[in-house]
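Peer 1: Below: one structure in structure tokens.
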Amino acid sequence: MTEYQLFPDIKLIVGAADNIACDNAIEISYCVDGICEYKTDSGYYYVSGGKYFICDHRNEVQRSLSSGHSGIIVLIDPCCGSKAFDGVIDMPGILKNLQDREQCVFNADDSIKRMFSDIYDEMEISNITMLRIKVLELLMLMSGSRNSVCDKSRKIRKAGSFICQNPTEHYTISQLSELFKVDVTTLKILFRQIFGCPVYTYTKNRKMFYAAALIRDTEMKIIDIAEEVGYSNASKFSKAFRDVMGTAPKKYQMEHKKSEKYQKCHISA
């Protein structure tokens, strides 16, 4: 992970950032590879390659990463009050636009993908001046886009919360459509629009990130964890875990235990 303090109130982070200090900041998070799980007051969101997420850290936000995750994060402190942008860009207007957006996982269009790619290239050669310019261009580009989520989004978010509250169960689109009184086609379209992926993928992501948390934070056996998230077949669970987390459950467990042991030794020393 590499950090750049581009301006007094804008920080750029590149790489795998699972533990960043960003109290009260506005975060723009773009995924290059892997999956990042965001837990916010409005639910769980999964940001995979080519997608981005905007969240306001005035409310509690938790993030977890799959193995091998890589991304680009722009952190903006809306309270800094820097005069660096006066006469250059309308930073107060941009911040208001970002804060007013309904929380969604966005599919980056070609122009935004190209902008993030340019930022990544400039980071490779540590060109701070160009990084500053590219990040400001990115903010201006994003300030011109808007959400287009309709009034039924409230029901779709409830469906997402319902899935996350019942990680051991599997619900079909038809069942969710009936439960939340939304027709199947609308459910499919709006679910993908809000959460950035189909219902099945979202459900699988939640189950596997929940399983990863159990592997990290408990002494449960992997076979018991598989059953806890609704898998009676160990090999199917292992494949699903690799698909989402980027590594096998046993290897993930060993890597975590090794990291935990290193941290304890480091603290002791």
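No lab work stands behind these numbers, since they all come straight from the coordinates. Every value quoted in this text rests on a predicted model; they were computed, and no experiment measured them. Because the Cβ atoms are built from the backbone with ideal geometry, glycine has one as well, and the counts that use them run over all protein chains shown.
Peer 1: Ranked by Cβ crowding within 10 angstrom, fewest neighbours first, how are Lys134, Lys250 ordered?
Peer 2: Lys250, Lys134
Peer 1: Report the one residue of Cys164, Phe180, Ser143 whose Cα lies farthest in the direction of the positive end of the charge dipole of region 141-214 (charges on C-beta: Lys and Arg +1, Asp and Glu -1; origin at the Cα centre).
Peer 2: With unit charges placed on the Cβ atoms, the residue in question is Ser143.
Peer 1: Taking only Cα atoms, what is the 0 to 90° angle, nearest 10, from helix 91-100's long axis to the longest principal axis of the chain?
Peer 2: Relative to the chain, helix 91-100 is tipped by roughly 20 degrees.
Peer 1: Using 19 Å as the Cα-Cα cut-off, could you pick out the over-long pairs in Lys152/Lys204; Lys39/Lys204; Lys113/Lys134; Lys51/Lys155; Lys155/Lys188; Lys221/Lys257?
Peer 2: Lys152/Lys204; Lys51/Lys155
Peer 1: Further question: So, counting K/R as plus one and D/E as minus one, what does the shell of residues with Cβ under 11 Å around Phe195 add up to?
Peer 2: Value of the local net charge: +4.
Peer 1: Under the rule of -39500 (n - 2.57) per DSSP H run of 4 or more residues, summed and divided by the residues of the chain, what mean residue ellipticity at 222 nm is obtained, to the nearest 500 deg cm²/dmol?
Peer 2: It lands at -15500 deg cm²/dmol.
Peer 1: Summing +1 for each Lys or Arg and -1 for each Asp or Glu, what net charge is found among the other residues whose Cβ lies under 13 Å from the Cβ of Met130?
Peer 2: -3
Peer 1: Grab the other residues whose beta carbon is less than 12 angstrom from that of Gly230, score K and R as +1, D and E as -1, and report the net.
Peer 2: Taking every Cβ under 12 Å from that of Gly230, the sum is +1.
Peer 1: What nm value, rounded to one decimal, do you get for the distance between Lys158 and Asp224 when each label is placed 7 Å out toward the C-beta?
Peer 2: 3.6 nm
Peer 1: Here's another thing I want to ask about it. Given a Förster distance of 25 Å, report the FRET efficiency between Thr2 and Lys250 from their Cβ-Cβ distance, rounded to the nearest 0.05.
Peer 2: 0.25
Peer 1: Hey, another quick one. Quick one: compute a quarter of the convex hull surface over the Cα atoms of region 153-263 and quote it in nm².
Peer 2: Answer in nm², one decimal: 7.4.
Peer 1: Additional query: Using only alpha carbon pairs under 8 Å that are at least six residues apart, calculate the relative contact order of the chain and give it in whole percent.
Peer 2: Taking the mean separation of contacting Cα pairs over the length of the chain, I get 17 percent.
Peer 1: Using only Cα atoms, tell me the angle between helix 128-143 and the longest principal axis of the chain; keep it within 0 to 90° and round to the nearest 10.
Peer 2: 70 degrees
Peer 1: Can you tell me the orientation of helix 184-195 relative to the chain, as the angle in degrees between its alpha-carbon axis and the longest Cα principal axis, to the nearest 10?
Peer 2: Between the helix axis and the principal axis of the chain, the angle is about 50 degrees.
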